[in-house]
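Right, one structure below, let's go through it.
Read-outs: derived from the displayed coordinates by stated rules, not from any lab. Since the model is a prediction, treat every value here as computed from it, not as a measurement. So basically every Cβ, Gly included, is an ideal-geometry build from the backbone, and we count neighbours across all protein chains shown.
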Amino acid sequence: MWNFSVMPPQASTLAPEHDAIFLVLTALTLLFTLIVCVTAVFFVIKYREGTKADRSSPVYENPKLEMVLTVVPTILGLIMFFFGAKLYIAQRTPPKDAEEIFVIGKQWMWHVQHSNGVRENNTLHVPMGRPVKLTMISQDVIHAFYIPAFRTQMYVVPGRYTQIWFNATKTGNYHLFCNLYCGTQHSEMGGTVVVQTETEYRNWLNNGGQNAAPVSMAQAGEKLFNKIGCNNCHGATDSPRAPSLAGIYMSKRKMSDGTVQNADEAYLRESVLRPWNKITMGYGKEMPAYESTLTEEEVLSLIAYMKNPGATKGSSVSSGTSREEGLAAKTDTKNGLAVNAIEAQTTDPAATPTKRRGSLSVGAMAAQKQTEGQK
Amino acid sequence: MSATSTPAHDQPVAEKNYLNAQHTVRSWLLTGDHKRIAVLYLVSVTIFFIVGSFLAGLIRLELMSPSGTMLESETYNKVFTAHGVVMIFFFLIPAIPAVFGNFFIPIVIGARDLAFPRLNLASWYLYVFSGILAVIALCSGGIDTAWTFYPPYSSMYSNSQVTLVIVAAFINGFSSIFTAINIIATIHKMRAPGMTWFRLPLMAWSSYATSVVVILGTPVVAITLLLVLMERAFKLPIFSPELGGDPVLFQHLFWFYSHPAVYIMILPAFGIQSELIANFARKRIFGYHFVAFSSLAIAGLGFVVWGHHMFVSSQSMYESTVFSLLTYLVAVPSAIKIFNWTATLYKGNIRLHAPMYYALSFIGLFTIGGLTGLYLANMGTDIHLTNTYFIVAHFHYVMVGGALTGFLGGLHYWWPKMFGRLYSDTAAKITAIIVFCGFNLTFFPQFIMGYMGMPRRYHYYYFAPEYQIYHILSSLGASLLGVGLILPAIYLTHSLIKGEKASANPWGAHGLEWTIPSPPPTENFTEIPIVTDEVYDFDPVAEHEANLAGKEIELPSESEQPTKVDEPTEAGKE
C-alpha cells in the first residue's frame, strides 16, 4: 500500500502518445488554475476593503480583452483536439496484419478465444511487439473491456461487434477490468492480461493454453519426491532408516503395534502428513511430519507417484508415461483443442466465476503475482 | 440546513413578514407565496442532501478496504445508485432553481410573486411525491442500475426497484419543468418598470438559461425512461438486442438530456457566483454582457455535445470527432465566466464575508473541474479515462466544488434576507475553509487513482492494492468534508433562534432584494419599484475615497440603507 505510484504501467505502442497528451493537458490545467488562483488571491489582498490601492478609472467592459480570452483558449483547445482526434483514430483503426482474438463478455466473466481455438477465461495472453485485434461481443448486458496499461477501452455491447487493437511493448501481467457497471459482481469481472514474447506466446498457444507441456501427476510427484528429499531415506530397497516404497500401494503393511494396515490412499496421505500415527514394524519415529509444508495437490501427486509399481526404485516414471504424453501431444495437434479448452476452463482457478468470498485468496494471490509482474 | 420553516415567534417582530403572516400548517402547505414554497423546497432538498451525503459516507467507508468488508456487493451497488439518484434528481437539479430561484427571481426583478403561484406549489408537491416514491423504492429493496439506467441491464436484467425509481424520476421531471416555466414566464412578463433585460442581475440570466434547458431537455429523458419501463414491463422491443432493440440508442437519448442536465445543475450556481463576486467586490461585474450571453451559449451548445459520453460506446469514429470538437467549444463560455469573475476583483473594494469565501473557493474548484473536463473532451485521453475515478473526480469538482459551493454561498448570502437573522460570520468562514480543504482531499486523489485505471462503481479492488492509498486519502477528506457540512446546520439553526436580527441590507449589497425588509413581507414590495439605476451599480472610486478619508462606510450588521444603492422604491416603509 505504501509503495504507491501515480502512473499506470505503460505497455502499448499508443500509451506514450496518450501520456504525452495527458501531461500537456495537465500542464495547461495547472498553468490556468495557477494563473486564476494567484490573480484572484492577489486582487483580494490588494483590493480588500480599506486598503489604499489605486481604484481610479475602474474597467467594466473590455471587448478586446474578452476576445483575447476567448480566442486563446479556443486555439489551445483546437490544438489539443487535433492530437486527441489523431490518437483516437489510431486507437480505432486496427492494422491489417493484426492477430485476431475473440472476446465474449458475460455476467461476470471474460471469455477469450484465440485463433487456433485455445480458450481462456478472465485472462488474455497476447504476444509482445505484434498488433492484436480483439473482436468483442456481449452475451447479456453492456460491459467495457479496459486495459489501463494499454490505455485502451471499448464497450462490449450485446447485439453488435466492437473492436479494439493494441501492440504490447512490455512483457508482464497487467490489469484487465470490466469498466462499465454490469450488475452485482461487476467488480469481479476482471483479470489479467499476460504479455509474452512471441515465442512464449506461440508455445503457450501450441500447448493448448499452458506455458509448458502438461506433466502427468506421477511425474510431478516424482519431481517433488526428489526435491523435498524423500528419496534420501526411501530407496529402491528397505534401509535401516526407512522402508522402500516400491509397490507399496494397496499392499498389506504390518504396523509396530501389530495391526495390519492396507496401504490405500488414505493411509499414504496420513503417512506423509503425520507419519508417527502409524509406524511400520521395525522402524522408529524418524520421519518428519509434512502436515504444514505440503499442499493437498502435492500430496496427491506424491501418492500418484507411489502408486506406480516401479516407483522409488530409481527408474523414472517418465519412461512409463512418455508414451501417453506423446499421444496427448498428438491429439493436441489434431482435435485436442476442445479438450484443452475444457482443461483451461477447469484448471484455471480464476476461470470460474466463483463467489467472491471464496475466491478471495486466489484473487489475492493473483494480485500478488500481478504486482510482481509489473515490477 | 434544518427545520427552517418555523417562524421565530419568540422574538419581538415589529412587522408582518412572509414567515409570521400566518402560522397554521395549512397556511404553509397551501401557500401560493413563492417565498414560502422556496422555504418548503429548502427543507426538502436539505433532507435529501442529508440522505445522499450519508450514502456517500457509506461508499467512502467501504472503499477504505480493498476487499469490501462491510457491505455485500449488491448492497454497495444499491448504495452508489441511490447516492447518484438522490443527489442528482432530488438535490442538484432542484436545489438552486427551486430554492433561490423561487425565492429571489420575483424579488430581484421587482415582482410580487412568480407568474403561476399554483403551478409553483404543484411543482413542490410533485417533487415531494416523487421523493416519497424514491424513498419507498430505496426502502423496499433499492435499485442497482446506477443512476444512468443503461439497458439492457435496467430493462431486462436488474431485479431491483427500477420501475418505481423511473416513475419517481419521471414525476420529478415535471416538477422541474413547472419551476422552469414559472421562471421563464416571470422574467419575460413581470419585470418592474425600468428593469430592462440588461439590468437583470446575472442570477436571473442564468436561471433563465437553466429553465430553457430544463424545458427542452427534461421531456426527452422522461420519454426515454418511460421507454425503458415499457421494455421492462411489456417487453416492448426498444433497447434490448434480445428483443430486437438497440442499447446504444438509449445512451444517445439519455445523454441528450443528461449532458445538458449538468448545466441545469451548474448554471444556477454560476448565477449565484456572479452575484457574490459583484456584491462583495462592490463593483459592477466585468463584462456583464459576456457573462450573460455565455450562460445562453452554454445552454445552447450544451445540447450538441452529448456524444462525448460515448466515445467508447461503439458510436462511429466520425460522430465522436464532431462531438469532441463541439465539446471544446462549450468550454470557452465557461472559461469566459472564470476570467470575468477574476477580472471583477480588479480595483474592487472587496469585503471578505463568509459568502465571498465560498465564491472564491468556487473559482478555484470550478477552474479545476472545468479544465479536467478537457481531458474527457479529448477523444484520445477519454478512451483511457472514461468510467474511471478520473470521471468521478471531475464531475464532483463541478457538482460539489461548483454547484454545492454555489448553493452554500447563496445560502449564506441570502440567509439574513430569507430568515431575518444573522449567523456567526467567523463560524461560517471557518466552515468554508474546512469544506474547501475537505473537498480537495476527497476528490483530488481520485484524479490520480483514475489515471492509474481504477474503475468507478467497483465494490472492491483486492486485485489492485495499489489504489488503496488514494482511497484512504479520499475517505479521510470525506470525513473532513462531512464535518464542514454539519457545521452550517448548527450555526444556521442557532441563528434562527438566537441570531441577531438582520437589517434590510446587512452586506451593503446592491439589488432590489436588499431594498425590502428582512425577512420580506408577503407581497415583497408595497409598491412596485421603478428601476432607474444599472445592475451592480456600485461606485468603488467614491467608496475608496470615503475610505481614505477615514470614514466608516457601513458596518455589515448596522446598515439599514446601503449607501450607494438608491433605488427609487418605497421599500422598507412598512
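Structural remarks
- Averaged over peptide A:27-37, the number of partner chain Cβ atoms lying within 10 Å of each residue's Cβ comes to 5.
- Rounded tilt (10° steps) of B:202-234 against the dominant C-alpha axis of chain B: 30
- Highest mean packing first, where packing is the average number of other Cβ atoms within 10 Å per residue, the peptides A:272-280, B:339-347, A:85-93 line up as B:339-347, A:85-93, A:272-280.
- Amide H contacts under 5 Å for A:TRP165: A:LEU134, restricted to partners 5 or more places along the chain or on a different chain, H placed in the peptide plane at 1.01 Å from N.
- Segment A:217-316 - convex hull of alpha carbons, volume per residue in Å³: 85
- Segment B:272-395: C-alpha pair distances exceeding 21 Å, %: 47
- Cβ neighbours within 10 Å from other chains - mean over B:333-341: 4
- Contact order normalised by residue count of segment A:205-315, Cα under 8 Å, 6+ apart, percent: 35
- Among beta bridges that DSSP assigns inside the protein assembly as shown, antiparallel share in %, nearest 5: 70
- Taking the empirical scaling 2.2 N^0.38 Å for compact globular proteins as reference, the protein assembly as shown has a Cα radius of gyration ratio of 1.16.
- Label point distance in nm, A:PHE42-B:LEU476, each placed 7 Å from Cα along Cα→Cβ: 3.3
- When the C-alpha to C-alpha distance is required to be over 27 Å, the pairs from A:LYS278/A:LYS307; A:LYS223/A:LYS278; A:LYS46/B:LYS35; A:LYS285/A:LYS307; B:LYS283/B:LYS498 that qualify are A:LYS46/B:LYS35; B:LYS283/B:LYS498.
- When each of the peptides B:243-255, B:261-273 is scored by the mean number of other C-beta atoms lying within 10 Å of its residues, the order from highest to lowest reads B:261-273, B:243-255.
- Using alpha-carbon coordinates, inclination of helix B:34-63 to the longest axis of chain B, degrees: 40
- Backbone geometry of segment A:248-262 corresponds, through the Karplus equation with coefficients 6.51, -1.76 and 1.60 at θ = phi - 60°, to 3J(HN,Hα) couplings of 6, 4, 6, 8, 8, 10, 8, 8, 5, 8, x, 6, 10, 10, 7 Hz, x marking Gly and Pro.
- Averaged over B:147-156, number of beta-carbon atoms from partner chains that fall within 10 Å: 3
- For B:HIS459, the residues whose amide H sits under 5 Å from its own are A:SER187, ignoring neighbours fewer than 5 places away on the same chain, with H placed 1.01 Å from N.
- Residue-averaged [θ]222 nm for chain B, counting only DSSP H segments that reach four residues, each worth -39500 (n - 2.57): -20500 deg cm²/dmol
- Convex hull volume per residue in cubic angstrom - Cα atoms of chain B: 141
- Residues whose amide H falls under 5 Å from that of B:GLY508, counting only those 5 or more places apart or on a different chain, are absent, with hydrogens built in the peptide plane.
- Mean Cβ count within 10 Å, highest first, over the residues of peptides B:86-97, B:494-505, B:208-219: B:86-97, B:208-219, B:494-505
- Shown for B:CYS139, A:CYS37: other C-beta atoms within 10 Å of each C-beta, ranked fewest to most, produce the order B:CYS139, A:CYS37.
- In plain terms, the chain from A:THR26 to A:ASP257 could stretch by 75.3 nm, reckoned as 0.36 nm per residue minus the Cα-Cα distance.
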